[in-house]
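Worksheet for the structure shown next.
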Amino acid sequence: MDIAEQLQLLTDRLRAVEDQLAIYQLLTRYSPAADSGDGASAASLWSADGSYDAQVGSWSGTAAIAGLFDEALHQGIMAKGCGHILTTPHVRLDGDRATATNYGLLCINDGDNFRVWRVTACHWDLVRTATGWKVQHRVNRVLNGDEAARALLHRAWD
Amino acid sequence: MDIAEQLQLLTDRLRAVEDQLAIYQLLTRYSPAADSGDGASAASLWSADGSYDAQVGSWSGTAAIAGLFDEALHQGIMAKGCGHILTTPHVRLDGDRATATNYGLLCINDGDNFRVWRVTACHWDLVRTATGWKVQHRVNRVLNGDEAARALLHRAWD
Amino acid sequence: MDIAEQLQLLTDRLRAVEDQLAIYQLLTRYSPAADSGDGASAASLWSADGSYDAQVGSWSGTAAIAGLFDEALHQGIMAKGCGHILTTPHVRLDGDRATATNYGLLCINDGDNFRVWRVTACHWDLVRTATGWKVQHRVNRVLNGDEAARALLHRAWD
């Protein structure tokens with residue numbers, strides 16, 4: 001390879017690494033926004049036409065997504081104290097699109113201890129935009145033995 | 001440094017970064033495979049001669065590892081709904097070998113909530129193969145006050 | 001761009017990637033040190049003038065930080081078996097300084113299961129030193145509905 005080819009190869013490889021880390025950065029922004037009740041900040045992770053299917057409800061567009069953090073369910077657990085824990089995602093890059101699979105643990109303060117209210121399989125469809133990677137669609141399913149959650153996990157590699 | 005030396009240095013540094021992220025990708029593939037009951041997919045993370053010592057049992061070779069997900073213990077918790085949560089590993093690279101240390105939280109659905117059945121120290125011996133990084137040996141020990149689990153954690157840097 | 005400029009750009013981008021991964025490596029070293037009771041190793045993640053405000057107490061300097069792991073509180077939960085789980089941090093780089101925001105889950109063995117004793121918001125101020133990235137200050141606040149924890153999370157992007 002000549003120097004120009006070597007530089008291009010390094011640039012391409014570096015870009016894949018940057019994409020993976022940018023997606024980590026995007027997803028790790030969700031929980032602090034959710035648990036501090038900043039709906040606008042949480043919704044800013046989605047693209048303008050993004051959507052969120054959280055099993056207990058479904059929201060389309062950033063205004064609707066921002067609004068869910070004002071709902072009684074979210075405000076109630078936030079008043080008790082909650083942590084929307086997310087694990088490191090498994091990422092699949094495909095040019096300007098990507099998917100990520102991880103787990104959510106919703107921990108609620110119960111006085112002396114926390115209870116783990118829900119453990120969910122999470123699947124994220126991501127898109128590269130002019131302002132960086134954004135969430136186009138997120139789906140959660142509770143791991144309660146139902147096939148739907150297992151099928152969602154399977155999409156990590158299938 | 002001349003240009004060839006600079007390109008080589010960048011290539012070496014980039015490779016270390018890619019290795020660390022590839023190991024993240026390998027480990028984050030485990031839980032979705034385990035929790036969806038896809039033993040063949042979970043076992044494919046191991047090298048052909050790989051082994052898994054999970055304290056409750058020990059398995060050698062990918063066929064045996066794939067089989068553990070069909071056992072009654074695993075099928076039982078999967079029917080209830082389970083999440084084999086893994087934390088971001090601490091990685092040590094050493095050429096074509098690496099180790100990773102992290103934690104496992106096994107969460108089981110208990111109706112209204114989940115219980116955290118086991119929190120384990122996990123140590124992974126990894127090897128670079130023709131088809132990418134693979135697990136050569138994984139050991140888990142429950143953090144129940146026994147010295148064995150603490151010794152396993154200590155191997156993260158020792 | 002000429003070749004020298006391209007090499008410089010790649011070097012700068014690669015350095016940002018390495019910084020983010022180095023901070024992951026630093027933070028994932030904490031829990032294994034804490035849960036195996038190795039105070040000196042845990043304290044070595046801090047800079048010489050580093051400090052740790054864990055709400056239940058505050059410690060300044062690496063000798064004091066190392067000492068906290070010998071205190072009755074820490075020794076007591078370690079004897080039962082504990083896991084100081086940390087999530088993947090959201091990182092903000094700023095030259096030789098950085099911040100990281102993540103969650104801590106303190107899981108304690110309770111016989112048949114583990115209980116999640118505390119879920120905390122964690123904010124880390126980090127500094128690049130001659131021996132790599134170090135913690136200059138860490139603050140934890142329990143997510144129990146108090147505004148302090150939510151304000152700490154908000155610092156992830158604010």
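Computed from the coordinates by the stated procedures, all read-outs in this text should not be read as laboratory data. Computed from a predicted structure; not experimentally measured. Here the Cβ positions follow ideal geometry from the backbone for every residue, glycine too, while neighbour counts run over all protein chains shown.
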- Say a label goes 7 Å from Cα toward Cβ at A:Asp94 in every copy; what distances in nm does this one have to the rest, shortest first? 3.9, 3.9
- 1/(1 + (r/R0)^6) with r = Cβ-Cβ of C:Asp112 and C:Asp2, R0 = 56 Å, i.e. FRET efficiency to nearest 0.05, evaluates to 0.25
- Message: I'd like the distance between the alpha-carbon centres of the stretch C:88-123 and the stretch B:1-16, rounded to an integer number of Å.
- Response: 35
- For chain C, the convex hull over Cα atoms projects on average to an area in nm² of 10.9
- Note on the structure: Phi-derived 3J(HN,Hα) across the stretch A:38-44 with the Karplus relation (6.51, -1.76, 1.60, θ = phi - 60°), rounded Hz, x for Gly and Pro, is 9, x, 5, 5, 4, 5, 5
- Item | the protein assembly as shown: radius of gyration over Cα atoms, expressed as a fraction of 2.2 N^0.38 Å | 0.94
- Query: Between B:Asp53, B:Asp35, B:Asp12, which gets the highest mean-square fluctuation from a Gaussian network model of chain B, Cα cutoff 10 Å?
  - Reply: B:Asp12
- Test item: C:53-64 mean partner chain Cβ contacts at 10 Å: 0
- Axial C-alpha extent at least 15 Å, average Kyte-Doolittle at least 0.0 - helices from chain C (DSSP): C:3-28
- Return the average number of partner chain Cβ atoms within 10 angstrom of each residue Cβ along peptide B:133-146. 2
- How far apart are the A:Ser60 label points across copies, placing each 7 Å from Cα toward Cβ, in nm, shortest first? 5.7, 5.7
- Non-local residues with an amide H under 5 Å from the amide H of B:Gly145, with H modelled 1.01 Å from N and Pro and chain starts lacking one, are C:Gly81, C:Cys82
- Do you know the relative contact order of chain B, to the nearest whole percent, from alpha carbon pairs under 8 angstrom that are 6+ apart? 20
